[in-house]
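Encoded as structure tokens, the structure appears first; notes follow it.
Where a number appears in this text, it was derived from the coordinates with a stated rule and is not lab data. All values derive from a computational prediction rather than experimental measurement. When we count neighbours, we look across all protein chains shown, and the Cβ atoms used for this are built from the backbone with ideal geometry, even at glycine.
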Amino acid sequence: MTEAIYEWMQNLAFFFLFMTAILNCLPDNKYRKYVQFFLGLVLMIVLCKPLLQVMDLDALLSDKLSSATLEQEVESSRNSALTVEGVQEDLLNQAYEREIETQIKVMLGERGITAQSAEVKLNQGEDVAVERISLRVANSEEALYLEDEEKMDQEFQKKLDEVRSELSQVYEVDESHIDISR
């Protein structure tokens, strides 16, 4: 018992030396009250330690503190993982959209259709799928005569209908969600 009291007094003396050194090392007095508050809380723990040991509450307090710390760390890592996962998912979706836009432009070029712009929107659900396709196109062929212009316009519209149908099949999008404007 005397050893426990001697150890307690030794801890108090060490703490007061430590507290004095910390308070003297502070560059500004504006933080002094915050440091004193924190050191006062630590002093309360040092003063109550023998009482906690007698009632065997120090082990309980230590267990509660470590479990609360562990829960906080798990929550923090889960939040950071979700943030990183969300960023990665957004980057992958953007890259996927750009790749599909490039594929569509190449397909249109092969059919003699100039793609001025292509925009693909993906749904953000569990399964990544194309939700909407918007195209702005122009006919790369020009009519020599006025009579040919109407015929070429009809053929061009027929090509656009075929493109809409093919895009619907390839990307599994409803044809009403494919906008093609001239």
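Can I get the semi-axes of the stretch 96-181's equivalent ellipsoid? Compute them from the C-alpha gyration tensor as square roots of 5 times the eigenvalues, in angstrom, largest first.
Taking √(5λ) for each eigenvalue gives 28, 12, 9 Å, largest first.
Return P(r) of the stretch 2-81 (all Cα-Cα pairs; 5 Å bins starting at 0; whole %; ordered from short to long distances).
Calculated over all Cα pairs of the stretch 2-81, the distribution is 3, 12, 15, 15, 14, 15, 14, 8, 2, 1, 0 percent.
Please quote Rg/Rh for the chain to two decimal places, taking the Kirkwood radius as Rh and restricting both calculations to Cα atoms.
1.52
Rounded to the nearest 0.05, what FRET efficiency is calculated for F37 and L91 with R0 set to 45 Å and r the Cβ-Cβ distance?
Given R0 = 45 Å and the Cβ-Cβ separation, E is 0.50.
Would you mind finding the longest exposed-site-free stretch of the chain, with exposed GluC sites (Glu not before Pro) meaning DSSP loop and at most 16 other Cβ atoms within 10 Å?
The longest uninterrupted stretch comes out as 1-125.
Taking the chain as a Gaussian network, Cα atoms linked when under 10 Å apart, which of Y171, Y34, Y96 shows the biggest mean-square fluctuation?
Y34
Taking each full run of DSSP H in the chain as one helix, which ones are at least 30 Å long along their axis (Cα atoms) and have mean Kyte-Doolittle hydropathy of at least -1.0?
TM-like helix candidates: 2-25, 32-54, 57-110.
Efficiency by 1/(1 + (r/R0)^6): what FRET value for Q103 and E150, r their Cβ-Cβ distance, R0 = 41 Å, to the nearest 0.05?
Taking R0 as 41 Å, the efficiency between Q103 and E150 is 0.85.
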